[in-house]
Amino acid sequence: MARTLSGAEIVLRTLGDQGVEHIFGYPGGAVLPIYDALFQQNKINHILVRHEQGATHAAEGYARSTGKVGVVLVTSGPGATNAVTGIADALLDSIPLVVITGQVGTALIGSDAFQEADVVGITRPCSKHNYLVRDVNDLARILHEAFYIARSGRPGPVVVDIPKDVQFNLGKYANFSNTGHRTYRPKMQGDKDKIKQAIALMVAAKKPVFYTGGGVINSGQKASNLLRQLVEATGFPITSTLMGLGAFPASDKRWLGMLGMHGTYEANMAMHDCDVMINIGARFDDRITGRLDAFSPDSKKIHIDIDPSSINKTIQVDLPIVGDVAHVLEEMLEQWKTAKLKQEKEALAGWWTEIEGWRKRKSLAYTNASDKIMPQYAIERLFALTRERDTYITTEVGQHQMWAAQYFHFDRPNRWMTSGGLGTMGYGLPAALGVQVAHPKALVIDIAGDASVQMTMQEMSSAVQHNLPIKIFILNNEYMGMVRQWQELLHEERYSHSYTAALPDFVKLAEAYGGHGIRCSDPAELDNKIMEMIESPLPVIFDCRVEKLANCFPMIPSGNAHNEMLFADASKDDIGSAIGEAGKTGV
Amino acid sequence: MTMTTTDEKIESHTLTILVDNEPGVLARVIGLFSGRGYNIESLTVSEISESRELSRITIVTPGTPSFIAKISAQVERLIPVHRVYDLSLREDTIFRELALLKVAGKGENRVEALRLAEAFQADVVDASLEHFVFELRGRSKKITQFIELMKPLGLVNIVRTGVIAVSRGSERM
Ligand SMILES: Cc1ncc(C[n+]2csc(CCOP(=O)(O)OP(=O)(O)O)c2C)c(N)n1
């Protein structure tokens, strides 16, 4: 039944009917009617941030840790442009967001009005879809459609730009939450015949490997459960991208660790030498493939993806299966039951022997020290002291992010929030905020770098305001460590602008915001201080002073193949000769 | 980003794209080309359904077969897009273009221009003692050929619609 409401009321009704409980936002002139409507209700909680980029990352953290759509509300012009980084981030990592932006009145659009920006123009290439709402009577349909598009198929951010007069105008509301879309109908079910061919390849495989990605997480808890069953049933080894960590338990013996640029030796060697690769919800990203023409040269490649445009984008595959991971895995498991008798059991055992050999290389080994904290050790201790708890990890971008991926282990999906595709420094702190909103009792830790964390540090103020006791664990090396590492390896140690000569006193900074600050530089004190952080009821900034010049290994320099890795114990000369000219032009 | 195969031939492809006629849809489609630094040789777009809900976009673009397959999949992924067809993959596609040419001159050149126009079955849609405007329909190649012939005869300007294309037979595309 259609009822007459103001545009602003329609926004809130839609959010209510979509089951939204929390939104992240920042007010301004062009969204005042919506903020007024927010004020007059108490179903939807608004979390006020300190910068619109923070709102988008918080909504991403919320979405990634719950599987729900994250919702953002910002004003026109600078409010919207500040949100662009988070929108682009959500697009590359397939995170469902609905971003509502205010716009100047319809009569003013195109006149360079105060705080006017062409938001649909700016966000067109970095959103899954976007709308400018010109008529209040389209508002309910468009907003419901935005939620549908954001969460279905390959999820992503949808922007809805609402001019101020449309927020005031009276119009009809109807609940469109169950309507589909005229042109957008993602294919969920995989082609049974293709799945049959995949099973035939898997049964005959002598050196198979599962290569899984964020698509498994996006497909939901059920997909993770089915993945476990399929790995169990087949006995195949499994590795995952950065985005897929947690979909399969890291404590399982079939787990090879993460693959790619900073992945383990065994994962990358298995990818390189396999004869059948089963890609489940990953996209052959350049962090994963390394040199394209040397990527897994002898394998038949199966690719399961809900997005048809991911197929054959960078790597030609032999058997594409377009569909939702959970749907496809269910069918695979069913078919495997009858097919498995013909499995190449003996060859598989040989393959495992080979893999165990690579494991013995212990590619994540590092030399610890007693007089200083090694960053790897800090993450290991953080993991050890939090593993029995209900813990969620977010990260910033840099070495600390890779060390977190390598030394913190996840047994469940939706516990690991990181900016993979866009690599956005400043993601982790606000993302932690969003996670904590969704899971108020959980332990939420942002594993941070001293440079990244300063990009969105102001959200500490939001954490204090909303009683969100997030823990910001800074691996403080005083450098933009990852930049410094590349300069060391590729630019003869010319550390151009990668040293932060004037870092703030993070302990005082925490206190200034009303949080708790902790500093530690002695490995002997680390455990106690980590416990102090965990037990604090306040938001905490932990200034963990680590070895400044540590490098993140193993590493496949860009332009190299999977079997051309660098290890922590490589000599300077080996490193110099391992990186070709192609590696210098790569990123 | 690296493209996979390098030994493929670059050829002109004619993509026909059926879209919901909503604001910004053309910009979305074109943005995929411009954002990747790819050129468009010709572009036509018009509403095609009475209810004004559907439009048909025809894009001629050069590319290797794998690039064309990729960009087609990415265009098809856009929310308001119904279908994308590469009509140049079919032998029997009907291609048409329309051009208006203004030719100015006197004496021998003028006679020659008119004679050639007749041979090409171009219509005279405007004329004075000093100029003609010719209208010419046909495949792009024919139009280009006619333009070349008119150049020495006083060609003043050219307007071309860009290619439209349709498959033979009873199917929709
Ligand atoms: C917004 C943004 N700007 C620049 C970069 C490039 N970048 C990648 S890692 C990095 C250094 C990060 O330093 P820090 O946060 O201290 O982490 P560390 O590598 O030292 O662990 C930089 C500048 C980026 N990823 N994001």
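The values are calculated or read from the model by the stated rules, or taken from the named source; none is laboratory data. Note that this is a predicted model, so its numbers are computed, not measured. Using ideal geometry, Cβ is built from the backbone for each residue, glycine included, and neighbour counts are taken over all protein chains shown. Heads up: the accessible areas ignore ligands, DNA and RNA and are worked out on the full protein's heavy atoms, side chains in. Shrake-Rupley method; radii C 1.70, N 1.55, O 1.52, S 1.80 Å.
Ballpark to the nearest 100 Å², how much total accessible area do A and B bury together, probe 1.4 Å? Walk me through the numbers on the way to the answer.
Numbers: alone 22990 and 10390 Å², together 31800 Å².
Roughly 1600 Å².
Expressed as cubic angstrom per residue, what is the convex hull volume of the alpha carbon set of region A:257-320?
Residue-normalised Cα hull volume stands at 77 Å³.
In whole angstrom, how long is each semi-axis of the equivalent ellipsoid of the protein assembly as shown, when you take the square root of 5 times every eigenvalue of its Cα gyration tensor and sort them from largest down? All intermediate terms of the calculation are to be shown ahead of the outcome.
Details: eigenvalues 483, 238, 137 Å².
Whole-Å semi-axes of the equivalent ellipsoid: 49, 34, 26.
What does the structure give for A:114-121 when I average, per residue, the other chain Cβ atoms found within 10 Å of the residue Cβ? Let's see the in-between values first.
Details: counts 0, 0, 0, 0, 0, 0, 4, 3.
Across A:114-121, the average partner-chain Cβ count within 10 Å equals 1.
Take the Cα radius of gyration of region B:28-116 and divide it by 2.2 N^0.38 Å, with N its residue count; two decimals is plenty. Intermediate results must be reported in sequence, preceding the final value.
Values: Rg = 18.6 Å, N = 89, 2.2 N^0.38 = 12.1 Å.
In units of the globular-protein estimate, region B:28-116 measures up at 1.53.
Quick one: among B:L18, B:L78, B:L100, which has the greatest mean-square fluctuation in a GNM of chain B with alpha-carbon springs under 10 angstrom?
Highest fluctuation among the options: B:L78.
Need one value for B:72-79: mean number of C-beta atoms belonging to other chains within 10 Å of its residues' C-beta atoms.
Details: counts 2, 7, 5, 1, 3, 9, 6, 12.
Per residue, the number of nearby Cβ atoms from other chains is 6 on average.
Which is the longest stretch in chain A that no exposed loop site breaks, taking sites as chymotrypsin sites (Phe, Trp or Tyr not before Pro) with a DSSP loop state and at most 15 other Cβ atoms within 10 Å? Before the final figure, lay out each step's value.
Working: sites that count: A:F114, A:Y495.
Longest site-free region, per DSSP loop and neighbour criteria: A:115-494.
Using the basic label-point model (7 angstrom from Cα toward the beta carbon), what is the A:A107 to A:N45 distance in nanometres?
About 4.1 nm, to one decimal.
What does the charge dipole of region B:93-165 about its Cα centre add up to, to the nearest 20 debye, if the Cβ of each Lys and Arg holds +1 and the Cβ of each Asp and Glu holds -1?
Details: 11 positive and 9 negative charges, 58 e Å.
My answer is approximately 280 debye.
If you count, for each residue, the other Cβ atoms within 10 Å and average over each peptide, how do B:143-149, A:243-249 line up from highest to lowest?
Packing proxy ranking, top to bottom: A:243-249, B:143-149.
Using 1/(1 + (r/R0)^6) with R0 = 45 angstrom and r between the beta carbons of A:E525 and A:L32, what's the FRET efficiency to the nearest 0.05?
Values: r = 50 Å, r/R0 = 1.12.
The computed FRET efficiency comes out at 0.35.
For chain A, report the accessible area per residue in Å² (1.4 Å probe, heavy atoms, rounded to an integer).
Working: 22210 Å² over 587 residues.
Heavy-atom accessible area per residue stands at 38 Å².
Starting from the 7 Å offset along Cα-to-Cβ, what nm value, one decimal, do you get for the label separation of B:I30 and A:Q221?
Result for the modelled spin labels: 4.8 nm.
Please give the helix B:65-77 orientation as an angle from the longest Cα principal axis of chain B, in degrees from 0 to 90, rounded to the nearest 10.
Rounded to the nearest ten degrees, it is 70.
For chain B, what is the mean residue ellipticity at 222 nm derived from helices alone (per DSSP H run of n ≥ 4: -39500 (n - 2.57); sum divided by total residues; nearest 500 deg cm²/dmol)? Write out the running numbers ahead of the final one.
Values: 4 runs with 46 residues, N = 173.
The helix contribution divided over chain B gives -8000 deg cm²/dmol.
Multiply the residue separation of A:D118 and A:R389 by 0.36 nm, subtract the distance between their alpha-carbon atoms, and state the gained length in nm to one decimal. Can you show the working numbers first?
Details: separation 271, 0.36 × 271 = 97.56 nm, distance 4.58 nm.
Result: 93.0 nm gained on full extension.
Expressed as a whole number of Å, what is the distance separating the alpha-carbon centroids of region A:240-254 and region A:310-339?
Here the two parts' Cα centres lie 19 Å apart.
Given Cα pairs under 8 Å that are at least 6 residues apart, what percent is the relative contact order of chain A? Present the calculation step by step, with values, prior to reporting the outcome.
Values: 1336 pairs, mean separation 81.5, N = 587.
Result for chain A is 14 percent.
Of all the accessible heavy-atom surface of region A:338-436, with the other protein chains kept in place and a 1.4 Å probe, what percent is carbon and sulfur?
Details: 2040 of 4080 Å².
After summing per-atom areas, the C and S share lands at 50 percent.
How large is the convex hull of the Cα atoms of region B:93-165 per residue, expressed in Å³ as a whole number?
Here the figure is 70 Å³ per residue.
What FRET efficiency do you get for B:D86 and A:E354 if R0 is 51 Å and r is their Cβ-Cβ distance, rounded to the nearest 0.05?
The pair B:D86/A:E354 has a calculated efficiency of 0.70.
Please work out the FRET efficiency for the pair A:F168 and A:E535, using the Cβ-Cβ distance as r and a Förster radius of 41 Å; give the result to the nearest 0.05.
Working: r = 49 Å, r/R0 = 1.21.
That gives a FRET efficiency of 0.25.
Put simply, what bits of region A:305-340 lose 20 Å² or more of accessible area when the other protein chains are there, versus the chain on its own (1.4 Å probe)?
Hits at the 20 Å² cut-off: A:D307, A:S309, A:K313, A:T314, A:Q316.
Can you tell me how region A:436-587 classifies by the Cα gyration tensor, rounded, prolate or oblate, using a/c under 1.5 as the rounded cut? Before the final figure, lay out the partial values.
Working: a/c = 2.29, a/b = 2.25, b/c = 1.02.
The shape class here is prolate.
Enter the mean number of other protein chain beta carbons within 10 Å of the beta carbon of each residue in A:182-189, as an integer.
On the way: counts 5, 11, 7, 0, 1, 0, 0, 0.
The mean count of partner-chain Cβ atoms within 10 Å per residue comes to 3.
List the longest stretch of chain A that has no exposed loop site; here a site is one of the GluC sites (Glu not before Pro) assigned by DSSP to anything other than H, G, I, E or B, with at most 13 other Cβ within 10 Å. Present the calculation step by step, with values, prior to reporting the outcome.
Working: sites that count: A:E388, A:E492, A:E493.
Free of exposed loop sites, the longest segment is A:1-387.
For A:K187, go through the lysines and keep the ones whose alpha-carbon is under 19 Å away, minus same-chain ones fewer than eight residues off.
Partners within reach: A:K128, A:K196, A:K222, A:K313, B:K70.
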